[in-house]
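Before any comments, here is the structure.
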Amino acid sequence: MTDRILLAARNNALWCDAVARSHGVACTLDDVAWTASTRTPPYYPDAVTLSPDAGEYDVLARVDDSDGCSVKDSWSRLDLSMEDFARLVVGEWVWLDPSGPAQPAPPGRWQRVTTPDAMAAWVRAWASDPDAEAILRPSLLAEPGVAFLAQRASDDPQAPVVAGAIVNVTGAVAGLGNVFALDGDVERAWGAAAAAARDVVGGTPLVGWEAGASVDAAVAAGCERIGPLSVWLK
């Protein structure tokens, strides 16, 4: 199980790395953790642990641990409360094995986003507020292994984006994240996104992390819970 969590955590760290680098943030990755040298964009951590044996100060010594610092504790083993962090999120890593039953193809076509204009439409649909629109930049379309997937309201290529997800292939696994649907049906969105992602990655296992109702949505799509994680914020 730990091996699968490690694959999922490393995949997630590499996605965080791509987003941070797109904002000019220098990053470091080794067997202990992925860390950013300066504050990352909103909703993205400054560190992701990559070993169940990582200690609190193994991580904090590598980041700017002033107010606003966030740490993704991939095994939910750290106690950062002594350094005035609060546990902001408790979530679950999820794993969708390619040998599991495939969901039926979702209604409506899901397509890969390939142009800056299409990316802008995807981001506008995904973003929870105007500030969030600046987080995911068009340069991410050129990242190896990254695919933005969108479902539009009709077959018209100019129709509004109504659902989407991001796939990030890193070696033996493919991350599936940022799943959304404007109708708020999280379970349907996860099932559709997983089916669309399988069309992109073939027999590669899908991994990701979710919290709250989105965990149940991922499980309904065929995923297995493989372990807890925590996000700490100062």
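The residues of region 1-60 that are surrounded by fewer than 22 Cβ atoms within 10 Å (Cβ to Cβ), over 22 Å from residue 137 (Cα atoms) and of a type in the set (S, T, N, Q), listed by number, are 2, 51.
The condition of being within 25 Å of residue 117 (Cα to Cα), in contact (Cβ under 8 Å) with a residue 60 or more places away in the chain, surrounded by 16 or more Cβ atoms within 10 Å (Cβ to Cβ) and among the β-branched types (Val, Ile, Thr) holds for only one of 167, 207, 146, 179, that being 146. Selection of region 194-214 for residues being more than 13 Å from the chain's Cα centre (by Cα) and of a type in the set (A, V, I, L, M, F, W, C) yields 194, 195, 196, 197, 200, 201, 213. Scanning region 36-75 for residues that are of a type in the set (S, T, N, Q) and either within 19 Å of residue 88 (Cα to Cα) or in contact with a Phe, Trp or Tyr (Cβ under 7 Å, 6 or more places away or on another chain) (or both) gives 40, 49, 66, 70, 74.
Screening the candidates 111, 158 for the property of being of a type outside the set (Asp, Glu), more than 28 Å from residue 220 (Cα to Cα) and modelled with pLDDT under 95 yields one hit, 158.
The values are calculated or read from the model by the stated rules, or taken from the named source; none is laboratory data. Keep in mind that this is a model prediction, so the values were computed, not measured. Glycine also receives a Cβ, built like all others from the backbone with ideal geometry; neighbour counts cover every protein chain displayed.
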